[in-house]
Structure formats: C-alpha cells, structure tokens
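The values are calculated or read from the model by the stated rules, or taken from the named source; none is laboratory data. Nothing here was measured: the structure is a model prediction, and the numbers come from that model. Positions of Cβ are generated from backbone atoms using ideal geometry, with glycine treated the same way; all protein chains shown enter the neighbour counts. Just so you know, the surface numbers come from the protein's heavy atoms only, side chains and all, with ligands and any DNA or RNA stripped out. Shrake-Rupley method; radii C 1.70, N 1.55, O 1.52, S 1.80 Å.
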Amino acid sequence: LSASTGALVKVIRGSRYGFNEPRGITTGGTHIWVANTGGNSVSELSASTGALVKVIRGSSYGFDGPDAVTSDGTHIWVANTVGNSVSELSASTGALVKVIRDWSYGFNDPDAVTSESTHIWVANDGDSVSELSASTGALVKVIRGLSYGFDSPAGVTSDGTHIWVANNGNSVTELSASTGALVKVIRGSNYGFDGPDAVTSDGTHIWVTNPSGNSVTELSASTGALVKVIRGSNYGFDGPSGITSGGTHIWVANTNGQSVTEFPDS
C-alpha cells in the first residue's frame, strides 16, 4: 500500500514465491522478508519490484512455525512459535548466524519480533515480552504483568522511542523503549480492532492488522488516536496477519490468501 495515501499498489501471489501461510513480514531497506508458518521458510523479495530473490528452507535454520520476522539492518530475526526459539540470519546472504533456545528468555509461543536500535523485542503469546541484545542475543529482561494489558500479544514494533504490542484480545499496549515501563493501553470498538495480529510503525503512524476483520487500523504514533481503518476487497486482504513499513509503502502478508498486499503509506 502507499504510505502517503493508503491506496493499493499491488497484490503478489504465486507458488513460486514460496508463500505458505505467510504471517510475518519486514523490510530490510532494499528487500522484503516474509515468514511462512506452514512452509517453515522465509521468502526474500525485492522491495522495488516485488520480484522473488530467494526462499530459505532447511532444518538447519531452526525454523519451526516461523510466525514473524524483523531486520536490524545487518541481521534478520525470525520468531519460531512452535519451536519456542528465535533464528538469526545474515541480511546480506541469508546464512544462519544462530538459533536462540533457552527457557530463561521467557519464550512462550513467540508470535512477533521487532528491532529497536540495539535491542530485539519478542512478543510471547503467553502474555509477556522478551528483550534481547541485538549484538549478542543475550537476554536483557522479560516483561510480564496484568498491568501491561497483555492479552495474547501477537505483534510488536518500535517507533524509536516506544514499543507497541498488538494483543489478540483487541487492544494495543505502548511501552517505553528505554525502560519497558507502561505508557498506555489502547482499547475501543472505534479503533476497528478485530483480533489484532501484527503492528508496524512508519515513524509517524502505527499500523495494526485485523485478521478477523480483513482490515488495517492506522493510529497516530504521538497520541495513539485513530487515523483510519482500511477495509475493502480491492486491497486483497484475506486474513491479514503481518505488516511492515518501507518508508513510502506498507506491505501486508495475507495468511489465508497466500499473498502480499502493497499500498502507499499516508
């Protein structure tokens, strides 16, 4: 989608892309990475053309229900829901760097992962968020507690200053990126939340996918206020589960439709 208008740019479909229940999506500058839960794989696309670069498969990557993917510029991080692990790949080659498995990380059906400067944040469906060092993969802390409004957290993103967590229980939690402290919890039917599953930031706005509602909600990053809810069959939304911002465009992974939707950012 267009980052400036929200208008549809294109919908990418086809078995050659390796899409198999695509649920996670991120941009690495010149490339788009898609995590395929059903295929235990990651697809790499050209951000400028949408053309396939490669599909990464193989048990050596530790993929086990890959549900989300993020980039810190140098590395690609993949959250494996079934395997309770995180895989780190080289962004330039796709080669495996390491697979992180350890009960101390608090991984509990990790559903989402995002990069924030020097840290990696993982949202666990078991009502917690884990913070890791991007340089070493070491655990920084695990955030738990009813006060955070976590309700099956399924998506996580950073706008540089704050961490935003999408909760399947129809809410979004905002945390301080520097301390992990709660800023606010956003709830309300007017936000169009319908089983929110993923969240991304373009720096000015927060975008949330609603798989059950086949829609995308746009919020103000500075206030959390509703900007708009995008619906419409022309967007090709079919179980929209993953979302990422490429600066000028928004990319949405449609799990049911085995497709990716691109529209301009606004």
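What to note about this one:
- Failed condition for Thr223, given (1) surrounded by 24 or more Cβ atoms within 10 Å (Cβ to Cβ); (2) assigned to a loop (DSSP other than H, G, I, E, B): (1)
- All conditions in (1) closer than 20 Å to Glu218 by Cα; (2) open to solvent by 10 Å² or more (accessible area, probe 1.4 Å); (3) modelled with pLDDT of 95 or more hold for Val140, with the sole exception of (1).
- Within the stretch 16-62, considering residues that are touching a residue at least 60 places away in the same chain (Cβ under 8 Å), among the polar types (S, T, N, Q) and farther than 16 Å from His75 by Cα, the one surrounded by the fewest Cβ atoms within 10 Å (Cβ to Cβ): Asn20
- Looking only at residues in the stretch 1-15 that are of a type in the set (Ser, Thr, Tyr) and open to solvent by 10 Å² or more (accessible area, probe 1.4 Å), the one that is modelled with the highest pLDDT is Ser15.
- For Gly73, the test of being open to solvent by 50 Å² or more (accessible area, probe 1.4 Å), out of contact with any strand residue (DSSP E or B) (no Cβ under 6 Å at 6 or more places or on another chain), of a type outside the set (Val, Ile, Thr) and not in a strand (DSSP E or B) is passed.
- Residue in the stretch 181-192 that is within 24 Å of Thr81 (Cα to Cα) and either in contact (Cβ under 8 Å) with a residue 12 or more places away in the chain or not in a loop (DSSP other than H, G, I, E, B) (or both) present: no
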